[in-house]
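The values are calculated or read from the model by the stated rules, or taken from the named source; none is laboratory data. Since we're looking at a predicted model, the values are computed, not measured. A quick note on method: Cβ atoms are made from the backbone with ideal geometry, for glycine too, and the neighbour counts reach across all protein chains shown. For accessibility, only protein heavy atoms count, side chains too; no ligands or nucleic acids. Shrake-Rupley method; radii C 1.70, N 1.55, O 1.52, S 1.80 Å.
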Amino acid sequence: FLGSATAVLSQEREFVTGRLMDAQSQVPISFASIQLKNKGIGLISNADGGFQIPLDFQIIGDTLLLSCIGYASKEIALSSLLQDRINTIALAEAVEKLNEVVVTISKKRKRLTAKEIVRSALKKIPENYPLNPFSYVGYYRDYQLKNESYLNLNEAILSIYDLGFNTNDLKNTKVRLHKYEENQDFSRDSISARNYDYSSRRKVIPNATINGRIGNEHTRLRLHDAIRNHNIYTYSYVNRLDIDFIKNHRFSLEEDTFINEIPLFKIKISKVIDNVVVTGNLYIDKIYFGIYKLEYQVYERNSTKYKKELFSRTGVPARKNSKLGKLLYDITVAYQNRHDKMYLDYISFSNAFNILSPPKFTPLSAKIVADKKYFELVLSDRPLKEDALNSKNYKLYYQERRLRIDKIKVNGKSVFLYPKNAKGIFNKNVAIYFKERNKNGVAIEIKGVRDIFGNLVNEREAINYNQYREFFVQRYAVESEIPEEELFMNRTSPIYENQPIVPLANSVNFWMNTPLKK
């Protein structure tokens, strides 16, 4: 049926909540896999390590399987978690030493370089990833962060029907919307939620743009999975993963790591071009060269010192290293080996954006005082006299002809401008304008004037936000057929605008892993 995309959940559920922490550093572990052992479904921990599991699964009894790259896997009984608090669960770093895997090429006993490993991983994408149709159900969300507070949190449960890695994802993949809600437990901000506006610059991504013609929020998120879309252009500077990635970047081998006792190469990614710094990591299976995770961050650097920082630092997560400059966007995509093929685990995309707030100090009105032969400019606050008396801060035009200013007077919030050679102006009923030059009237431009509080006239303050779009897989169906019914999401319309909603028959098995409130 066609439903309103602002539909709320039909059933309120209670949850057991937890947070994953590093056993030694006590730092939250983000994007860890949390699987329900008996159900074959799961979720991913949030950026703060938080997660929530429906109380139903604790009542019937189940066990959590916890895993994350670089950490030892762990099992924990749901019955051991308390219902009235956030349960802290510690994971220890993987320190076990597995038998060394020696990778060879041709007949030579030779260790591969970082670039050769990446090249092999890209070449083996058709072998390691599914070419046959498959589907999965997952949790989607988008939101903004301002001063570490969540804004405009929208959540959904989606089914994805993918025809396989040998097909065009944007054209052929179908999506069904099962549940959607605008979460009212977190603040809503209509200003930051509006569309990007590059004409007036009221909402922009610094030094970047997003192509709105590609599709809605979820469609654009999928495009940023460079592994699934390895043979088309995705984003700078990955571009086309199969032909551009290696030539666009430098690679270096880091210390090996593990996931579920599977040994992984860890390869550091780096690039410096003009005022942009790129850094990240690839995690690649040492045997089959499947890519388990791609982390990619792009920074705007402030000086050449960041080039030195980029190539000298070791072991510091790029997203936490502010020395690299201002983070422009951050993409993480992770895969898991299921049934001998690599399937999506989650994708997280965030970008910085700026909102221009209304100016605090503005001109309110202007009029011609004919009998005293001056223009009166009324401001929203008292101007600083030294600025207001400076004739260089004004431009007067009559019928698009520039007028020279003879003198200026200031009284409270009003500025009186006396023009030279104003013959004819004060004898006619002419209109007066701000900034806009007009053949029939007088135009006044003002700049460089501050009020008594230090606010510059017409200056808009840029407020910094971060936009997040994320999708976390909860359950897979391998060798899946696309349903014949046409109740799929319109990929070009926003998720919240008149999309068909198709309820899930087994909806009790899926839930929204809403971020924990601070």
From the backbone phi of segment 215-230, what are the Karplus-calculated ³J(HN,Hα) couplings (6.51 cos²θ - 1.76 cosθ + 1.60, θ = phi - 60°) in whole Hz, Gly and Pro given as x?
x, 6, 4, 5, 4, 5, 4, 4, 4, 7, 8, 5, 6, 4, 9, 5
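Please work out the average accessible area per residue across segment 391-518, using the 1.4 Å probe convention, and give it in Å².
Dividing the accessible area of segment 391-518 by its residue count gives 58 Å².
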Mean Cβ-within-10 Å packing, highest first, puts peptides 403-412, 387-396 in the order 387-396, 403-412
Structure shown: which of LYS266/LYS517; LYS146/LYS174; LYS326/LYS517; LYS293/LYS341; LYS271/LYS341 lie over 24 Å apart, alpha-carbon to alpha-carbon?
LYS266/LYS517; LYS146/LYS174; LYS326/LYS517; LYS271/LYS341
Inter-label distance for GLU497 and ARG402, nm, one decimal - labels placed 7 Å from Cα along Cα-to-Cβ:
4.5
Once Lys and Arg are counted +1 and Asp and Glu -1 for all other residues with Cβ under 12 Å from that of HIS230, the total becomes 0
Using a Förster distance of 22 Å, the FRET efficiency for ILE86-ARG188 (Cβ separation, nearest 0.05)
0.35
Bin by bin, in steps of 10 Å, what percent of the Cα pairs in segment 445-518 do you find, going until the bin that has the longest distance?
11, 24, 24, 12, 13, 10, 6
How far apart, in nm, are the 7 Å Cα→Cβ label points at ASN172 and LYS326?
4.1
Can you list the HN-Hα couplings for segment 494-509, worked out from phi with the Karplus curve (6.51, -1.76, 1.60; θ = phi - 60°), rounded to whole Hz and with x for Gly and Pro?
x, 4, 8, 10, 6, 8, x, 10, 10, x, 7, 5, 10, 4, 5, 7
Between GLU486 and THR113, the two model label points (7 Å from Cα along the beta-carbon direction) sit apart by a distance in nm of 5.4
Once phi is turned into ³J(HN,Hα) by the Karplus curve 6.51 cos²θ - 1.76 cosθ + 1.60 with θ = phi - 60°, what whole-Hz value does each residue of segment 459-467 show in order, with x for glycine and proline?
7, 9, 7, 7, 9, 8, 10, 10, 9
Using the alpha-carbon centroid of each, what span in Å lies between segment 106-148 and segment 326-391?
37
